Each structure stands twice: as structure tokens, then as C-alpha cells.
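Bear in mind these aren't lab numbers, they're just calculated from the coordinates by the rules spelled out. Bear in mind that the values here come from a model prediction, so they are computed numbers and not experimental data. Quick reminder, even Gly has a Cβ in these numbers, built from the backbone with ideal geometry, and neighbours come from all protein chains shown.
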Amino acid sequence: MDDAILKQRTILAPAKLQQLMWLKGDNAFSYIDTNDNTDILIIGEAENKKQSRKIGATLWQVNNALKLLNIKALKHFPTIQWKNEKQFTFEADKKLFAFDINTKIITVEANRELEEGAENIDFADKNNYIAYTIKNNLFVYDGKNQLIVTNDADSNIVNGKVVHREEFGISKGTFWSPNGNLLAFYRMDQRMVTDYPIVDWSVRPAKVNYIKYPMAGDTSHEVTVGIYNVGTGKTIFLKTGEPKEQYLTNIAWSPDEQTIYIAVLNRDQNHLKLNAYSVITGLFDKTLFEEKNDKYVQPLHPMVFVPKHLDQFIWQSERDGYNHLYLYNTAGTLIKQLTKGNWMVTSFGRFDEKGTKAFYTSTSESPVTRNFYSVDLKKGNITKITSGEGTHTATLSSNGNYIIDNFQSTVVPREIAVYSSKGKKVQIVKQSENPLKDYKTGQLSIFKLKNENDLYCRLYKPVDFDSTKKYPVIVYVYGGPNVQLVNNTWNGGGDLWFQYMAERGFIVFTMDSRGSENRGQAFEQATFKSLGKIEMEDQLLGINYLKSLNFVDANRMGLMGWSYGGFMTTSIMTHYPGIFKAAVAGGPVIDWSYYEIMYTERYMDTPQTNPEGYKITNVNNYADSLKGKLLLIHGTSDDVVVWQHSLQFIKTCVDKGKQVDYFVYPGHEHNVRGKDRVHLFNKITTYFIENL
């Protein structure tokens, strides 16, 4: 179990190249290798047919240069960024250094003497300004002075941090302008949001820590966007208007630093406006375009401006049913839809240096396959760069001439290769060995079942599989939005725990039902207003398929899921009792009216406008139908699916006279991490072995 849980992301993962990246303005790439117990920076050339490499620097050389500056030696090669083709920068001893690979000389680029407790650190590349937060306020370090941006005494007013509970692609709270002269930042006022208690049981007596947790249908927080001018020390706030309970998402700067663009989404999440605001006055300028949908709009990606054509940008949208790239100008005029088809653009890569081509990854061949493409912005011609069934993750060189491709499939642990932008494989940089070659593993297959949709499945057969025997089954389920479990990647995208269970004679099965991501809007929105219903119907298709296999023991079937998967597990056990002999539900949503606003209202509307939907999805209402063994697990400090969910279900089961098993992890949040995760999966495994 230690191997399966603690080593699956390290020594039992396919070997990779550390810090693999392109040099700036060049066709060279670099990575960190280890030789004779020392780290070495290796530089390779894209068109080097002989694949010879040169040493850019060794850890010894870096430390020797640091010694001359009286800086303590580093134990490992630092995390670097290329400044140009000859110099890379790195941080050490609260300073930014530049190392010249020709002269082996280090120079100090900037001081980074931040105050104690600095978090959410964000660097402005052009001038080395640093934005950071301490508690709920925002500061900027200009290389000499600590500049106070906000000074809110009330801890319920939060500056410079993530807002809207990390929905809508929001992963940070500060946004430097292109030249680093201005800083846009979120200000979140959550004084009106209900306090929710998280109990710390590790102290005597136990202590209550209150968080702000806006539940579906309740009052939400109010967000504004400030613009701080480092030169003047002044801040203005954008006039984003009413109502205050709206979502300010996907912030982007204009290249000339005169305009801020925000995708403004209403609380119902069915009407988006891409708005422009003046950086000088904070006033609303115009709406470039709007998107509406009867169910919901989910903006996840800010606009990206085209090099050399600074009045043009790429916008990603599912408006035609699938996520695609649209080319606009800043007047709000659609120039053209660049990609189209019944498939998804899963990520936007970049532009070439001249701004003539856009690069992206898509599912155009299969929902479980990813390949890399380019599209000509003028002609619309699409070039397929990578090929083959599997998962390609590509990084474009700064001049757009080459890509580094990281490829995996169920049979290829990892191959790192260089391609030309026209699709020619130039060289293989690394091929990883099978990290499980010394283990006996179960046979893995990826396939699809069909109802009105293709539903992709992943199945692990037991080690030393014998088709004449009958085996117990574990169905691992998630089924919720924004997650795809089944992919043509190493180990099928699954955890090594699945192989661990295959070693112990279990079949392990997973299906991506309707509602899961990367299948298009109709597939994803099928669950609208009634989470769980459609997903359970699809899961039954998979369950019936398993029952049809002569080597499956239908009397020994287990079910497991976490979070949304925990909701699905308890839902299936109560809606379709008797199918599964045993189940484990971790961190389960039980009643969607107790889950947070941003996620829940997108898929369920509010309890006030969709009371029937909340009623029929509330697992408490079906507890008296429960059959079989059910173990619920929850972290006591869970601030995502709060502990109250499973506690309510336990209380309902007691009221109904239903026996369930229960286990909590004191102090853990929504997932059980670290060494305790081994304990968690030993508990789950023991439960299935004892009952199946």
C-alpha cells in the first residue's frame, strides 16, 4: 500500500525530465539531469539529429558562484527561468539571481525581502515588482520599499486572493499589467456571508474556527476589482455595476495597459457579458459581446491577444455546443470561428512569434485522445502536429518553430519528443521504462458502451486472470461535472490502488457518465436541475455490462467514490438497493442545499427556484431504502463538502433504523493527504476484502 499510494507520483511514475523548457528566442531546450549525484543543466538543440547535449551549468558551478557572494550553497539545482538564450534566473536567499552559462558568473537581479507571512506571491516579469498578501491585505514590493495597497481592518474584506471559491477558472487574485506598471486585484467583501464553524479538535478545549461558506440560495459575497498604480501609489476600483452578487471572471489586460477586460456573469450563470473598463477612470467602456444559455454559461479562459495584431484576441466558448476558438477584434466583431466540430478544444497553447497561427490541443479524434494542432488565423487551415492514440501534452518554442511533446498512452509510459510545427518528429529526447516492470499487474482496457451516447469505460482485470473463475468487482465512480476519469494515458489515468486491488483478485471498473467533461455541452448539461439522476442511469448500463460477463460474480460487487463520487455512491446505494453488497462513500454531498453557491447553482439553480430538484437529489430522503454494507468517511475540517453532510445522513439512518459504518479523519480537509492516505486506503481495502 505504501508503494501504491506514496510512490505512484514519484518512483513508480514514468520517469520524466525535470524543468524541461524552451530557451527564449532560440530553438534550444533545457532540462535538469543528475549525474554522479550532482544536478546538471542540459541544453539540447531541436534540429540536432545526433541528439548530442551540452552542459549549460552544474550545481557545483552555481554554488561556486553563490559562494563568491557569501550565499549559502544549494542542495539541488534551483527552479529556473530563461532570461535570454545565455542567462537564466533563479531565487535564493530572498534574492533573484541571473546566471550566465558562458561566463559562469552570477549577478543579483533584484532583492526579494518580503515581510514575514507573505503569501500569494506574484511577480511582475518586466520590472521585478512583487505583489503579495499578508492575512487579508495586499502589498507590493518595488525592490526597495514595502508598499501598502490595501489596509482593511475587517478580516472579512479580503484583497488580492482567489474569489468565487476558485470557480470559473479563477486560480489567483492579482494580475500584473503587461509592463508591470499597474496591478489589478480582487477585493472580496464577505461580511454578509454566513459564518460556518470548522472545529479544531487538536487543542484543549476544542476551538471553533469560522469560515465564510455561502450555501446555495443564500447571500453571496460581493467582489470588485481594483487597479493599483505603483508609480503614484493610488488605487481606483472598476465600476462593474449592479447587482453586486455577480461573478467577475477571466480578467485580462489590453497590451497597451489602457483597458481591463472582465467576463461578467450573472448569479444565475446563464448570461455572460465580456466587458471593457477604462484603467484610468474605472468606468465601463463597452460590452464586446454577450453569451446566453437556457441552462448555464461557464467561462473558464480569459481572452488572449494576438502578437503583432494587438486589436485581435482569441476567445474560447462552448456556444455552438463544443469548446472552440473564436477570433475577435476589440470592437467586439467576430472575425471568424477558428475551430469547429463535434469535439472539444481542451487547451490553448500559444501563438507563433508572428501571430499568424494559434496552437491548441483537442479531442478531435476521440474523447480519450489528445493531439496538438495549429490553425492559420487568416486562412483557417488546420495542421495536425502530433498523431497516434494516446495523450499528447505539447509546449511550443518561443519562435513557434518547434514543440516539445510529452506523450503517454496505456502502453507507452512516456515519450518526450521534438516536433517541427509542421508535424515532423525531429528527435526523441527521452523514452521512459515501464516503472511497474517488476510488478505483476492486472490487464487494463479502455472501451466504450453505448446508449444514446458513447460512454467510455476503464477496466482492470485481476492479476493471473482466469476467465473460468468468478471475481468480485469494485466500481469506482465520480460522474460529476468538470472531471474526466477515463483517458488513454499511462495506467488509464487511474491510481495504482486499482492495480493493488487487481493484485488481490478484484476487477476494478470506471465509467464516465453523462455530466462529465470534455464531451460537449449537451452531454455535460444533461444533469441540469437534477444532479445524479442521469448519471445513475448511465452507471446502471455499466453495471449491467459487468453482470453480463461470465467471470463477474454479481453477488460480490462493491462501489466507491469520493466527493461527487461519494454523492453518487450513497445515491446508488439508496436508489438502487441490493445491487452492491458493500460501498465506501468519502466526503459525500448528501443535500445540495448545503453545498456552496457557485458550483451548486450552476447545475441546480437555487433551492427557492428548483425545490423539487433539491428534494429528489437529497439522499436523506432515500435512506430507508438502503441495503448492503455502507462505510462513510469524512475529514472533520472539510471546508468543501462540510462535515454536516455525512453527519446528517448518519442521523437519518439512525432515525430510520438503518445500520451504517462511519469513520472520520480528525483535522483533514476534503481529501486525506500525506501518510494518512495510506491509512485511508488500507481501511477501504479491508472493508471490501471483509465484505466481498
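Assorted remarks:
- DSSP beta bridges fully contained in the range 444-691 are about 30 percent antiparallel.
- Annotation: extensible slack from Glu257 through Gln19 equals 82.5 nm (criterion: 0.36 nm per residue apart, minus Cα-Cα distance).
- FRET efficiency, 1/(1 + (r/R0)^6) with R0 35 Å, evaluated for Lys354 and Glu389 via beta carbons: 0.60
- Hits among aspartates and glutamates - C-alpha to C-alpha of Lys54 under 19 Å, sequence gap 8 or more where chains match: Asp26, Asp33, Asp36, Asp39, Glu45, Glu85, Asp100
- Basic side chains Lys and Arg get +1 at the Cβ, acidic Asp and Glu get -1 at the Cβ, and with that the dipole of the range 444-691 about its Cα centre reaches some 700 debye.
- Lys/Arg +1, Asp/Glu -1 at C-beta; the chain dipole; positive extreme among Ser171, Gly674, Phe99: Phe99
- On the basis of the beta-carbon distance and an R0 of 25 Å, Ser548 and Arg504 show a calculated FRET efficiency of 0.60.
- Loop GluC sites (Glu not before Pro), the range 360-464 (other Cβ atoms within 10 Å of the site Cβ: 11 or fewer; DSSP): Glu433, Glu452
- Exposure proxy ranking, count of Cβ atoms within 10 Å, fewest first, for Arg187, Arg112, Arg9: Arg9, Arg112, Arg187
- Each Lys and Arg contributes +1 and each Asp and Glu -1, all at the Cβ; summed about the Cα centre of the chain, the dipole is approximately 1420 debye.
- Database remark: amide H of Lys83 closer than 5 angstrom to the amide H of Phe88, Thr89 (H placed geometrically; neighbours at sequence offset of 5 or more, or on other chains; Pro and chain starts carry no H).
- Among Ala184, His301, Leu377 the positive-end extreme of the charge dipole of the chain (Cβ point charges): Leu377
- For the peptides 58-64, 630-636, 544-550, the ranking by packing is 630-636, 58-64, 544-550, with the highest mean count of neighbouring Cβ atoms within 10 Å listed first.
- Label positions at Ser155 and Gln644, each projected 7 Å from the Cα along the C-beta direction, are separated by 2.0 nm.
- Net charge of neighbours whose Cβ lies under 12 Å from the Cβ of Ser432, counting Lys and Arg as +1 and Asp and Glu as -1: +2
- Within the range 407-442: backbone nitrogen closer than 18 Å to the Thr10 label point (7 Å, Cα to C-beta): 435-436
- Taking a Cβ cut-off of under 10 Å around Glu109, the surrounding Lys, Arg, Asp and Glu residues balance to a net charge of +2, with basic ones at +1 and acidic ones at -1.
- Note on the range 9-40 and the range 154-171: Cα centroid distance 34 Å, given to the nearest whole angstrom.
- Distance between the range 600-625 and the range 355-382 - C-alpha centres, whole angstrom: 40 Å
- Theoretical FRET efficiency, 1/(1+(r/R0)^6), r = Cβ-Cβ of Asp3 and Ser366, R0 35 Å, to 0.05: 0.65
- Here the residues Trp562, Trp201, ranked from fewest to most Cβ neighbours within 10 Å of their Cβ, fall in the order Trp201, Trp562.
- Antiparallel content of DSSP bridges confined to the chain, in %, to 5: 85 percent
- Sorted ascending by nearby beta carbons within 10 Å, beginning with the fewest, Asp661, Asp438, Asp466 become Asp438, Asp466, Asp661.
- Inter-site label distance for Phe284 and Lys94 at 7 Å from Cα along Cβ, in nm: 4.6 nm
- Once you reduce the range 530-547 and the range 45-65 to the center of their Cα atoms, the two points are 53 Å from each other.
- Ellipsoid semi-axes in whole angstrom, largest first, where each is sqrt(5λ) of the Cα gyration tensor of the range 113-302: 27, 25, 13
- Along each principal axis, taking the top coordinate minus the bottom one, the Cα set of the chain gives 71, 61, 61 Å in descending order.
- In the frame of its principal axes, the range 444-691 has Cα extents of 54, 39, 34 Å, reported largest first.
- Cα-centre dipole for the range 113-302 with unit charges at Cβ (Lys and Arg positive, Asp and Glu negative), debye to 20: 160 debye
- Separation in nanometres of the label points that stand 7 Å from Cα toward Cβ, at Asn102 and Lys656: 7.5 nm
- Derived scalar couplings between HN and Hα for the range 40-56 equal 9, 8, 9, 10, x, 9, 4, 8, 7, 5, 7, 6, 6, 10, 10, 8, x Hz in order, rounded to whole Hz, by the Karplus curve 6.51 cos²θ - 1.76 cosθ + 1.60 (θ = phi - 60°), x for Gly and Pro.
- Note on the chain: dipole from Cβ charges, positive end direction compared against Gln8, Ile236, Thr34; the farthest Cα belongs to Thr34.
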